[in-house]
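I have placed the structure first, in the form of structure tokens, so that the comments after it can refer back to it.
The values are calculated or read from the model by the stated rules, or taken from the named source; none is laboratory data. In this text the structure is predicted, and so the values were computed from the model without any measurement. Heads up, the Cβs are rebuilt from the backbone with ideal geometry, glycines too, and the neighbour counts pull from every protein chain shown.
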Amino acid sequence: MNLGKGGLVLFSRTGGSSAGSKILTLTLLKNSTFHTFYIKRKSNLYSQIDKDAVLEVIDERSTNHHAVLARKAFMVGSSALPSTTARIEMKINSVSTLDDYITWSPTFCSIRLSNYSSFSSPVSILLRNMTNSTGKVHFANSLLLPSSTCTSDSLNLTLPNTGTWVDFFISGNFTYPSKTDKDAVIDIVRPSNNTLYSREAFMVRVRKNANNLSIDERDRFINSLVTLNNTNNDYLNFVEIHSKSGTPEGHNGPGFLPWHRALILNFERELQNIDPGVSLPYWRFDEAAPSVFSVDFMGSKPLTSTDAFADFNVSNPLALWNMAGATGIRRTSIFENGDNPTTISTIRSEVSTLSLGSNFTLFKGLEGNPHGTSHTLAASKTGDWLRSLQTAIQDPIFFLLHSNVDRLWAKWQWINNLYDPLSINSYSAQGEYPGSGSIHIGHYLNDTMWPWNGITGTYTGSGTIYPGERPNIAPGGIFPEALSFASAPVSYPQPYQMIDYKYNRISSTINSGLGFCYDDVPFQ
């Protein structure tokens with residue numbers, strides 16, 4: 001299918017004078033056999049700029065969420081390059097297009113001459129941002145230092161005429177995040193005369209303020225959310241994780257922040273398995289968010305006082321949100337859709353939250369306010385899902401709320417430069433669970449976190465909570481891998497790996513951390 005809003009193409013199996021179609025269904029075999037197909041311009045729908053046409057490959061098996069398998073950006077209507085020009089091959093993270101997604105952190109890249117045998121000497125190139133690209137990057141050579149990021153607007157490299165790969169790094173330009181997939185484009189040119197050799201398209205994928213999303217960003221997030229819930233009931237895994245028996249694992253202690261950071265990252269990766277161009281937006285609960293609390297997005301406050309369910313436009317897929325066999329989202333906010341919650345509540349503002357203290361022991365107080373307060377602000381009536389730990393996650397706005405809680409932590413870390421997991425100022429519960437005490441197992445820095453560790457115990461959600469006891473269930477399985485960096489985090493994560501989200505400290509190589517960032521929290 002076509003994804004881009006620029007040039008459009010038609011597909012056919014035979015080429016030639018075939019009329020072509022908007023989609024093409026193919027069956028891929030396990031033996032790595034190549035399938036030949038053809039594309040041609042759809043009527044007069046030329047590209048406006050390079051790489052504004054995007055081909056999307058979707059897994060048609062319903063059990064796989066109709067997940068995106070690959071995306072390829074190109075141009076419709078461009079002239080063929082002369083055969084004598086340098087053919088450039090670039091890898092962003094790897095050869096797969098499914099990890100061509102970067103953040104403010106440095107991302108490893110490689111580039112080489114693919115037709116190197118045509119050249120008798122090395123070829124000089126210049127890397128820079130394409131003028132009209134939305135997402136933009138900074139560059140650095142292979143000598144980039146650990147825990148630092150790229151700062152240059154361009155980069156000169158020399159490609160050997162042996163086909164050897166040359167390494168370098170890119171990172172998102174803080175003021176230029178992407179709006180759609182593949183809207184960030186690197187020009188590869190000859191420095192002496194600006195002759196264009198090639199271009200590479202990718203995405204600067206960033207968590208954004210939900211109130212400021214474009215219609216396309218909003219709709220892609222909603223569609224991936226609903227697809228996750230409607231396919232194999234995979235959303236229910238997260239409901240079970242946040243159930244009563246799991247309450248001690250991620251609440252009422254220092255582990256609240258790292259555990260929820262892991263939870264929402266797990267959720268975001270599930271959404272990205274459906275649409276890799278999606279990121280988890282955040283709801284700033286100390287500001288008015290009329291676009292969030294609207295019939296076209298997360299649902300507006302019910303018009304009638306006797307109605308306990310959020311209102312939706314009939315065209316919004318969330319209007320048919322199904323949870324436990326019933327349709328609708330149980331939510332009645334205490335504030336009107338366009339109001340600032342701080343005018344009618346004692347919820348802490350962002351400034352106040354970031355001023356809680358310069359060590360983790362003080363800052364973790366945000367679990368009560370603004371976190372707990374925001375739950376009851378958005379759900380003011382008894383029975384509203386967000387009011388209860390056991391039902392809160394049934395309302396998908398839970399993830400926007402917790403994305404903001406995590407953003408506040410990330411911003412606090414940036415302000416105070418507290419990323420070192422081994423510093424007590426960065427995280428207070430150092431070491432492992434000692435076998436007794438008031439802090440629950442799983443909250444210590446080197447404890448493995450439930451449910452990803454698969455460890456079960458006898459706690460069912462009622463009765464006495466013993467600090468060393470695990471829940472009687474462990475839904476969901478191990479932590480899902482990121483293609484770009486398999487150990488970010490490891491399959492059985494600890495709070496340790498969730499502290500420095502922008503740089504994975506268990507690796508000796510420069511890396512892009514956990515693979516997420518926020519639109520208002522820079523790398524350094």
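Key figures for this structure:
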quantity	calculated
Test: residue in the range 290-297 that is in a helix (DSSP H, G or I), farther than 18 Å from Asn340 by Cβ and out of contact with any Ser or Thr (no Cβ under 7 Å at 6 or more places or on another chain)	no
Filter result (of a type in the set (A, V, I, L, M) and either modelled with pLDDT of 95 or more or not in a loop (DSSP other than H, G, I, E, B) (or both)) within the range 445-473	Leu445, Met449, Ile455
First in the range 292-310 and in the same structural domain as Arg331 (by TED's automatic domain parsing), second anywhere and of a type in the set (Phe, Trp, Tyr) and not in a loop (DSSP other than H, G, I, E, B), Cβ under 8 Å, 6 or more apart	Pro302/Phe309
Of the criteria (1) assigned to a loop (DSSP other than H, G, I, E, B); (2) surrounded by fewer than 18 Cβ atoms within 10 Å (Cβ to Cβ), which one Thr158 fails	(1)
Pairs, first not assigned by TED's automatic domain parsing to the domain that holds Trp414 and of a type in the set (Asp, Glu) in the range 496-524, second at pLDDT 95 or above and not in a helix (DSSP H, G or I), C-beta under 7 Å, six or more apart	Asp500/Tyr419; Asp500/Pro421; Asp519/Pro177; Asp519/Val206; Asp519/Arg207; Asp519/Lys208; Asp519/Asn209
Out of Thr195, Thr151, sole residue that is closer than 26 Å to Arg207 by Cα and surrounded by fewer than 18 Cβ atoms within 10 Å (Cβ to Cβ)	Thr151
Any hit, the range 214-225, residues being assigned by TED's automatic domain parsing to the domain that holds Ile274, assigned to a loop (DSSP other than H, G, I, E, B) and either in contact with a Lys or Arg (Cβ under 7 Å, 6 or more places away or on another chain) or free of Cβ contacts under 8 Å to residues at least 24 places away in the same chain (or both)	yes
Residues being touching a residue at least 40 places away in the same chain (Cβ under 8 Å) and either under 13 Å from His260 (Cβ atoms) or of a type in the set (Gly, Ala, Ser) (or both) - total across the range 372-397	8
Hits in the range 364-378 (condition: crowded, with 17+ Cβ neighbours inside 10 Å and within 25 Å of the chain's Cα centre (by Cα))	Lys364, Leu366, Glu367, Pro370, His371, Ser374, His375, Ala378
Checklist (1) within 26 Å of Pro317 (Cα to Cα); (2) touching a Leu at 6+ places or on another chain (Cβ under 9 Å); (3) part of a helix (DSSP H, G or I) applied to Pro276, failing item	(3)
Residue match in the range 379-389 (condition: buried (at least 16 other Cβ atoms within 10 Å of the Cβ), in contact with a Leu (Cβ under 6 Å, 6 or more places away or on another chain) and either at positive phi or not in a loop (DSSP other than H, G, I, E, B) (or both))	no
Set Leu318, Leu303: member being more than 15 Å from Ala379 (Cβ to Cβ) and more than 25 Å from the chain's Cα centre (by Cα)	Leu303
Pairs with Cβ under 6 Å, 6+ apart, first in the range 427-452 and on the phi < 0 side of the Ramachandran plot and surrounded by 21 or more Cβ atoms within 10 Å (Cβ to Cβ), second hydroxyl-bearing (Ser, Thr, Tyr) and not in a loop (DSSP other than H, G, I, E, B)	Leu445/Tyr496
Lone unmet requirement of (1) small (Gly, Ala, Ser); (2) surrounded by fewer than 21 Cβ atoms within 10 Å (Cβ to Cβ); (3) under 12 Å from Asn209 (Cβ atoms) for Ala289	(2)
Single residue of Gly325, Gly246, Gly357 found to be in contact (Cβ under 8 Å) with a residue 12 or more places away in the chain and small (Gly, Ala, Ser)	Gly246
Lone qualifier among Ile473, Ile506 - being of a type in the set (A, V, I, L, M, F, W, C), exposed (fewer than 15 other Cβ atoms within 10 Å of the Cβ) and touching a helix residue (DSSP H, G or I) at 6+ places or on another chain (Cβ under 7 Å)	Ile506
Near pairs, Cβ below 6 angstrom, 6+ apart or cross-chain, from the range 2-15 (farther than 25 Å from Asp181 by Cβ) to any residue that is at pLDDT 60 or above and of a type outside the set (D, E, K, R)	Arg13/Phe37; Gly15/Tyr38
Output for the range 226-238, where each listed residue is closer than 23 Å to Ile441 by Cβ and modelled with pLDDT of 95 or more	Phe238
Selected residue (criterion: modelled with the lowest pLDDT) from residues of the range 87-131 that are assigned to a loop (DSSP other than H, G, I, E, B) and either touching a Cys at 6+ places or on another chain (Cβ under 8 Å) or among the charged types (D, E, K, R) (or both)	Asn93
Residue within the range 202-222 that is more than 16 Å from Leu400 (Cβ to Cβ), among the small types (Gly, Ala, Ser) and crowded, with 16+ Cβ neighbours inside 10 Å present	no
Residue, surrounded by the most Cβ atoms within 10 Å (Cβ to Cβ), within the range 54-86, restricted to residues that are modelled with pLDDT of 75 or more and closer than 27 Å to Pro160 by Cα	Ala73
Long-range neighbours under 9 Å by Cβ, at least six apart or interchain, first residue outside any loop (DSSP other than H, G, I, E, B) within the range 24-46, second of a type in the set (D, E, K, R) and at pLDDT 70 or above	Tyr38/Arg13
